[in-house]
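The values are calculated or read from the model by the stated rules, or taken from the named source; none is laboratory data. Owing to the predicted nature of the structure, the values given are computational and were not obtained by experimental measurement. Glycine also receives a Cβ, built like all others from the backbone with ideal geometry; neighbour counts cover every protein chain displayed.
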Amino acid sequence: MNLNFDYTLFIPEFMLAGLAAIVVALDLFAPQVRKSWLSYVAAAGLAVTAVVSLSWVNKDSTFARIYAVDNYTTYFRVLFMGTAAVICLASARLVEDKLRHPGEYYGLIILSTVGAIGMAAARELMTAYLSLELLSFSLYILVSFAKFDSRSNEAGLKYLLLGAFSSAMFLYGLSLIYGVTGSTYYSGISAALSAGTHGFSFALLMALVLILAGLGFKVAAVPFHMWTPDAYEGAPIAITAYLSTTSKAAGFALLLRLFGGAFQVVHNDWSWIIAGLAAASMLLGNLVALQQHNIKRLMAYSSIGQIGYLLMGVAGLSHNTASALVLHLTGYMVTNLALFVVIIAWYNLTGKEEITDFRGMRERAPLLAGALAGALFSLAGLPLFAGFVTKFILFQAATEQGYYWLAGIGVVTSVISLYYYLMVMKEAFVTAPAEGETHRLRVPYVMQGLTVALMLGVFYVGLYPQQLFSAIDNATRFLFV
């Protein structure tokens with residue numbers, strides 16, 4: 001067996017580990033600058049590492065058959081690092097006002113990014129599991145990082161307990177896969193299953209159910225979504241944004257790599273399960289969101305609905321649907337980051353996070369109000385915005401695989417989602433500010449810059465998706481080699 005032990009393939013991950021050590025060291029030995037400069041150090045380090053990662057574009061190498069560095073891995077490296085950089089910049093005021101250990105906070109964000117990248121790159125079950133746990137344990141701590149806030153403590157405890165249970169199910173599923181195929185390598189599993197499943201079809205079904213239950217928790221698919229609203233509401237707002245973007249994207253990156261590389265040969269054995277999860281997630285997420293009054297809980301149920309759309313691409317897994325899924329995932333992440341930057345900026349200025357607290361935003365912070373409207377329209381899937389074109393391509397790919405009924409549910413629930421998004425916009429644009437709260441608010445330049453940059457990204461994906469889609473299509477080609 002020819003194993004490639006080229007450690008240069010891990011240079012971006014080594015750089016991220018070094019960056020995490022640097023921000024912790026700066027927190028310890030340079031306290032005079034830690035609160036005001038650490039976010040910029042972390043974001044700059046992530047940006048530099050993302051640029052270095054581009055050196056592996058159009059390369060196809062594998063470390064010891066367990067860790068692939070190809071265009072798929074490179075795409076998610078850049079996407080995850082860019083997301084982490086935005087979260088670090090958006091967290092600056094939160095860290096300064098609320099947290100006592102900023103070095104640890106930024107270090108955990110950076111290390112969780114390493115775990116997320118590993119989930120996208122893994123070509124072996126235990127590598128995937130260890131990467132998943134690195135991401136998960138970092139998030140358990142980050143959700144409860146505001147330790148003097150009882151909501152944060154409660155959210156972290158619930159997330160930890162349910163996360164441990166889901167990890168156990170996932171690991172048990174992996175052990176069953178090893179038992180029936182005799183391999184932990186994706187290629188070995190695929191080869192074993194392609195020879196037929198006679199004699200272990202029930203064990204294979206149980207393994208797939210357990211794996212989907214474990215990963216279903218990580219991406220917050222119904223009925224494994226119970227932790228989501230409490231974790232979103234209790235976590236620091238920047239970490240809520242991180243949960244709704246990187247956490248979910250990493251789960252789908254792993255789903256695509258695992259099911260495309262190992263289980264595609266038994267597609268009919270699991271596609272119906274994921275189709276059911278997709279339908280349930282779209283319906284429950286969007287219907288329950290209608291009843292929410294807290295913006296973070298609203299975004300929790302909105303994200304559950306979005307997971308349903310993404311699962312459509314997994315149910316009909318092929319090169320075309322995988323490309324459509326990653327495109328929609330990218331548009332969703334950019335849109336969600338834009339929306340959460342607005343929410344974070346508003347919370348920093350007002351200290352409020354109820355939907356009714358957004359009243360008068362148009363008069364008090366017009367830039368934030370405009371970005372809020374654009375991001376919500378994009379999530380609803382209206383034309384000109386990223387959400388329209390990415391949903392259209394995803395629904396089209398799903399119908400090509402015969403999932404007309406799922407696409408129909410997606411269209412109906414998208415219309416439902418427009419109602420609760422408009423309820424937020426009603427408060428921001430129609431409802432007058434409360435008495436004594438009519439003065440203009442001064443939004444920091446960093447938050448203004450992030451808002452404008454992310455909204456430009458939303459319009460770019462919505463109006464000029466071809467270049468991005470071509471890059472994604474080239475990346476997902478490596479899933480089905």
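Going through Y172, Y185 one at a time, which residue ends up being at pLDDT 90 or above, farther than 23 Å from L310 by Cβ and touching a strand residue (DSSP E or B) at 6+ places or on another chain (Cβ under 9 Å)? Step through it out loud before you land on a result.
Details: Y172 fails: touching a strand residue (DSSP E or B) at 6+ places or on another chain (Cβ under 9 Å).
Result of the check over Y172, Y185: Y185.
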Considering residues that are within 30 Å of L160 (Cα to Cα) and either touching a strand residue (DSSP E or B) at 6+ places or on another chain (Cβ under 9 Å) or among the small types (G, A, S) (or both), the number found within segment 188-215 is 4
List, please: which pairs have Cβ atoms under 6 Å, are six or more places apart or on different chains, and start with a residue in segment 356-384 that is over 16 Å from I295 (Cα atoms) and crowded, with 21+ Cβ neighbours inside 10 Å and end with one that is modelled with pLDDT of 90 or more and basic (K, R)? G381/K391
If only one of P236, P223 is buried (at least 21 other Cβ atoms within 10 Å of the Cβ) and touching a residue at least 12 places away in the same chain (Cβ under 8 Å), which one is it? P236
Residues that are outside any helix (DSSP H, G or I) and on the phi < 0 side of the Ramachandran plot, drawn from segment 129-184: S144, F145, A146, K147, F148, D149, S183, T184
Before we move on, is L54 loosely packed, with under 14 Cβ neighbours inside 10 Å, of a type in the set (A, V, I, L, M) and in a helix (DSSP H, G or I)? yes
Of (1) farther than 17 Å from S136 by Cα; (2) surrounded by fewer than 17 Cβ atoms within 10 Å (Cβ to Cβ); (3) small (G, A, S), S190 satisfies all except one. Which? (2)
Residue check: is S414 in contact (Cβ under 8 Å) with a residue 24 or more places away in the chain, surrounded by 24 or more Cβ atoms within 10 Å (Cβ to Cβ) and either among the polar types (S, T, N, Q) or outside any helix (DSSP H, G or I) (or both)? no
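A quick yes/no check of all residues on (1) surrounded by fewer than 24 Cβ atoms within 10 Å (Cβ to Cβ); (2) in a helix (DSSP H, G or I); (3) of a type in the set (K, R):
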{"position": "I87", "(1), (2), (3)": "no, yes, no"}
{"position": "R93", "(1), (2), (3)": "yes, yes, yes"}
{"position": "E96", "(1), (2), (3)": "yes, yes, no"}
{"position": "E104", "(1), (2), (3)": "yes, yes, no"}
{"position": "I117", "(1), (2), (3)": "no, yes, no"}
{"position": "T127", "(1), (2), (3)": "yes, yes, no"}
In segment 431-472, anything at pLDDT 90 or above, not in a helix (DSSP H, G or I) and not aromatic (F, W, Y) is listed as P465
Of residues in segment 196-216 being buried (at least 24 other Cβ atoms within 10 Å of the Cβ) and of a type outside the set (G, A, S), the one farthest from T113 (Cα to Cα): I211
May I ask you to verify whether L134 is of a type outside the set (D, E), crowded, with 23+ Cβ neighbours inside 10 Å and within 21 Å of A241 (Cβ to Cβ)? no
